[in-house]
1. Among the numbered criteria (1) within 23 Å of His318 (Cβ to Cβ); (2) touching a Leu at 6+ places or on another chain (Cβ under 7 Å), which one does Leu196 miss?
2. Name the residue that is nearest to Met179 (Cα to Cα), counting only residues in region 205-228 that are in contact with a Pro (Cβ under 9 Å, 6 or more places away or on another chain) and of a type outside the set (Gly, Ala, Ser).
3. How about region 155-171: which of its residues are buried (at least 24 other Cβ atoms within 10 Å of the Cβ) and either in a loop (DSSP other than H, G, I, E, B) or in contact with a helix residue (DSSP H, G or I) (Cβ under 6 Å, 6 or more places away or on another chain) (or both)?
4. Six or more apart or on different chains, Cβ under 8 Å: which pairs go from a residue in region 82-94 that's surrounded by fewer than 24 Cβ atoms within 10 Å (Cβ to Cβ) to one that's acidic (Asp, Glu) and not in a helix (DSSP H, G or I)? Could you list them?
5. Within region 289-340, which residues are crowded, with 24+ Cβ neighbours inside 10 Å and of a type in the set (S, T, N, Q)?
6. Quick check on region 132-153: of everything there that is within 24 Å of the chain's Cα centre (by Cα) and small (Gly, Ala, Ser), which residue is nearest to Ala186 (Cα to Cα)?
7. Checking Ala215 against (1) assigned by TED's automatic domain parsing to the domain that holds Lys274; (2) surrounded by 17 or more Cβ atoms within 10 Å (Cβ to Cβ), which single condition isn't satisfied?
Amino acid sequence: MPDVRPSRRGLLTGLSALALAPALAACGDDAASGGTSRPSGAPGAAPSERGAFPVTLEHKYGSTTLEKAPARVVCVGLTEQDALLALGLVPVAVTKWFGDAPGYIFPWAVDLLGDAPLPEVLDDTNGVQVEKVAALRPDLIIGQYSGLTKKDYELLSAIAPTVAQPGEYADYGAPWDEMAMNVAAAVGQPARMQALVDDVKQQIADQAAAHPEFAGMTAAVVTGYEGLWVYGPEDPRSRMLVDLGFSFPTELFGSEMEEFGESLSTERVSDLDKIGVAVWLDYESDPAARKVFEQTSTEREGRWFDIAEEDGSYYVAHSFVTPLSIPYVLERYVPQLAAAADGDPSTVPPEAAA
């Protein structure tokens with residue numbers, strides 16, 4: 001079963017106050033068209049944009065300058081393959097997270113693979129596989145949705161230019177649009193990505209406008225772990241709820257909450273009475289937490305639903321939060337949220353397995 005509880009990385013099986021554009025400076029002339037491996041006939045495969053290089057990207061451990069478009073990109077973060085595929089590029093390697101799909105390319109992105117070879121899959125369970133990365137001969141290593149340490153960054157930078165996670169947020173806590181734009185800048189296609197980001201943001205805004213009942217309600221994503229883990233305000237899943245019109249339930253924690261999330265005792269599962277909608281991940285995983293939750297008004301009034309491994313690719317997509325996965329999620333997620341938000345226990349949230 002996929003690990004969706006702490007360690008922090010496990011809890012990620014885990015969008016966004018709409019954020020500022022990524023911190024980067026671009027100047028210079030055209031660079032050669034580049035990608036990783038380009039799918040033959042891949043939809044929308046495009047050369048680097050005029051003036052895209054050289055480019056300097058700021059990140060947690062400083063800045064990285066790229067002089068030309070990379071030809072071989074390794075993803076040491078958990079979701080960057082989606083942004084690359086959206087630009088018509090296929091990474092030579094991705095990093096395993098959870099779920100199961102060939103090359104860790106999931107249904108919302110697989111059509112963009114074309115007939116290109118699948119990426120190699122890295123496993124960072126015991127740390128970044130530095131030697132394996134080096135053997136892939138990358139000319140760009142990128143880890144936006146990641147928890148790269150300073151040591152990781154230094155080792156990887158000795159292999160190839162490395163762009164670590166943004167430093168302004170908790171690890172794994174940067175807004176989806178900022179991460180996507182950083183990936184796009186690194187491969188020389190910021191304008192193309194901006195158009196995609198703008199389209200996806202509009203889809204989110206349209207859903208929020210279609211559901212004014214979300215405004216003024218609080219909502220949180222939770223999972224059973226040593227009681228109850230509540231994903232914090234910088235977690236991408238929490239950011240998504242805010243984008244859809246909900247408010248984050250700070251009353252659960254007061255002012256001391258960590259940005260990534262916080263664990264409450266089993267007894268405090270009853271505090272979910274205080275929020276409007278509870279989105280559970282793997283509801284069946286912790287019988288003790290479930291037993292307490294069953295006594296809450298949130299449970300009795302049907303203001304909750306569960307997203308679990310049995311929901312297949314939707315379960316994975318809900319945590320990926322990328323320009324490709326978000327539209328895939330919205331058509332399933334929003335009807336579930338609407339059914340939970342109406343407070344009528346006879347309204348059963350629709351199944352969203354895919």
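The values are calculated or read from the model by the stated rules, or taken from the named source; none is laboratory data. In this text the structure is predicted, and so the values were computed from the model without any measurement. All Cβ positions, even for glycine, are placed from backbone atoms using ideal geometry, and neighbour counts span all protein chains on display.
1. Result: Leu196 passes all but (2).
2. The initial filter retains those residues of region 205-228 that are in contact with a Pro (Cβ under 9 Å, 6 or more places away or on another chain), namely 218-220, 224-226.
Those left that are additionally of a type outside the set (Gly, Ala, Ser): 218, 225-226.
Working: Thr218: 26, Tyr225: 28, Glu226: 31 Å.
So the residue we want is Thr218.
3. Thr162, Val163, Ala164, Gln165 - these are the residues of region 155-171 that are buried (at least 24 other Cβ atoms within 10 Å of the Cβ) and either in a loop (DSSP other than H, G, I, E, B) or in contact with a helix residue (DSSP H, G or I) (Cβ under 6 Å, 6 or more places away or on another chain) (or both).
4. Val92/Glu120
5. Matches in region 289-340: Ser319, Thr322, Ser325.
6. Only one residue tops the list, namely Gly143.
7. Every listed condition holds for Ala215 apart from (2).
Residue by residue, here is whether (1) of a type outside the set (S, T, N, Q); (2) at pLDDT 95 or above holds:
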| residue | (1), (2) |
| --- | --- |
| Met240 | yes, yes |
| Phe246 | yes, yes |
| Phe253 | yes, no |
| Ser265 | no, no |
| Val269 | yes, no |
